[in-house]
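Reviewing the structure listed below.
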Amino acid sequence: MAKAAHNYLVTTKGLTKHYGTLVAVDNLNLKVKQGTIFGLLGPNGAGKTTTILMLLGLTEPTAGQAIIDGCDPTREPLKVKSRTGYLPDNVGFYQDMTGWENLRYTAELNGLPEDVAKERIARAVERVGLADAIDRKVGEYSRGMRQRLGIADLLVKDPPLIIMDEPTLGIDPEGVRELLALIKSLAREDGRTILVSSHLLHQVQEICDEVGIFVKGKMIACGTVDDLGRQLLQGKRFSLEVEAEPLDEELLNLCRSQRGVLELQQNGTRLLLFCSEDIRPQLTKEIIAAGYRLLHMTLRGYSLDEIYRRYFTKEEGKNGQAATATAKTARH
Ligand code: ATP
């Protein structure tokens, strides 16, 4: 696969889309480094799909510009098409054709010579783990198998940029794990750039190098999960989950009074401490010295759920968007 001469495979400058008076995407400035996975996050209607459609050259921006691997999707749609693979949330295949026949058809459409097509299809099928099912009709495939066939389809096309819309939606946990590992390998092993739109935050956190948070057409924050956490959690770098018996007022006071503890929350029998440093050694010693039975203590890093929730809580005062976002987060 040809390497991009520049560091960023996707950039947008002031990218904007209006539908009548509605601003679906508002002045988006995005930079996605080559070979990385970037997550577009946001509630329904935030503008993720519209952004993707503009990147793919399937809808024209009202203002601004996108550049994909050096090409403008509006002016050079065919060039962009040949450099980009798109996996929609519901991949369309010919149901009465086998998986292999569908891939063969993609190879034909992309003008691949017979021998290249055969080799690419065989490798792609092996890589996505569909060898046993490839001669079955796609109409008989589960959603997870269809998604894997979708990735095989992209591998046949072999583009440097892959855009995925909610790739793991409706797939069981084991299937999700496999799919995420596969997506990750597309970036890490092949050096492809991946743009993934999702509201399944844990999954996004697991595979994305950077995320952009979208609210009402605006990208309100962008960076690594760690960066966003630092900006937003105001020094509360660590969260510590503690369970000890008996859970009384003195224990709460003991936790609160530790150096570095900035906030304490109680959730049933569990205490959640937000701290500026890792206080596990001192806290363990003090809890035991005070005669409590320590049942459990775990240090958690930044949680994207927490970051997401706080962003939308912050936005609530501004535009009343938080309720939707929080509800969406809470379901997963
Ligand atoms: P979802 O997760 O629900 O797909 P999204 O973040 O992808 O949401 P978009 O589909 O990009 O959001 O929609 C952004 C806004 O633009 C929404 O208010 C939507 O109703 C509006 N919109 C999208 N497409 C059109 C269209 N063709 N005509 C008019 N309005 C549109």
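Going by what's in this entry, would residue 75 be described as more than 16 Å from the ligand (Cβ to nearest atom) and either in contact with a Ser or Thr (Cβ under 9 Å, 6 or more places away or on another chain) or closer than 30 Å to residue 203 by Cβ (or both)? Spell out how you get there, then give the answer.
Numbers: more than 16 Å from the ligand (Cβ to nearest atom): yes; either in contact with a Ser or Thr (Cβ under 9 Å, 6 or more places away or on another chain) or closer than 30 Å to residue 203 by Cβ (or both): no.
Spelling it out, it is not the case that residue 75 is more than 16 Å from the ligand (Cβ to nearest atom) and either in contact with a Ser or Thr (Cβ under 9 Å, 6 or more places away or on another chain) or closer than 30 Å to residue 203 by Cβ (or both).
In segment 256-267, the residues that are of a type in the set (D, E, K, R) form Cβ pairs under 6 Å with partners that are assigned to a strand (DSSP E or B), at six or more places apart or across chains, as follows: 256/264; 263/274. Could you grab the pairs with beta carbons closer than 9 Å, sequence gap of 6+ or different chains, first residue in segment 36-48 and away from the ligand (no atom under 13 Å from the Cβ), second one of a type in the set (Gly, Ala, Ser) and not in a helix (DSSP H, G or I)? Listed by first residue and then by second, the contacts come to 38/212.
Residues that are of a type in the set (Asp, Glu) and surrounded by fewer than 13 Cβ atoms within 10 Å (Cβ to Cβ) within segment 244-296 comprise 245, 248, 249, 250, listed in sequence order. No other residue among 283, 272 is in a strand (DSSP E or B), modelled with pLDDT of 90 or more and more than 22 Å from the chain's Cα centre (by Cα) apart from 272.
Under the condition of being of a type in the set (Lys, Arg) and part of a helix (DSSP H, G or I), which residue from segment 116-139 is nearest to the chain's Cα centre (by Cα)? Among residues in segment 116-139 that are of a type in the set (Lys, Arg) and part of a helix (DSSP H, G or I), the one nearest to the chain's Cα centre (by Cα) is 127. In segment 140-180, the residue that is farthest from the chain's Cα centre (by Cα) out of those that are closer than 24 Å to residue 36 by Cα and basic (Lys, Arg) is 157.
Within the option set 111, 64, 129, being surrounded by fewer than 19 Cβ atoms within 10 Å (Cβ to Cβ) and within 16 Å of the ligand (Cβ to nearest atom) holds for one residue only, 64. Just so you know, in segment 13-33 the residues that are open to solvent by 20 Å² or more (accessible area, probe 1.4 Å) and under 16 Å from the mean Cα position of the chain (by Cα) include one that is farthest from the ligand (Cβ to nearest atom), and it is 33.
Of the set (1) at pLDDT 95 or above; (2) closer than 24 Å to residue 212 by Cα; (3) away from the ligand (no atom under 16 Å from the Cβ), all apply to residue 98 but (2). The strands (runs of 3 or more DSSP E) found entirely in segment 1-83 that carry 1 or more residues being at pLDDT below 90 are 37-41.
The values are calculated or read from the model by the stated rules, or taken from the named source; none is laboratory data. Nothing here was measured: the structure is a model prediction, and the numbers come from that model. Backbone-built Cβ (ideal geometry, glycine too); neighbour counts: all protein chains shown. Accessible surface areas use protein heavy atoms only, side chains included; no ligands, DNA or RNA. Shrake-Rupley method; radii C 1.70, N 1.55, O 1.52, S 1.80 Å.
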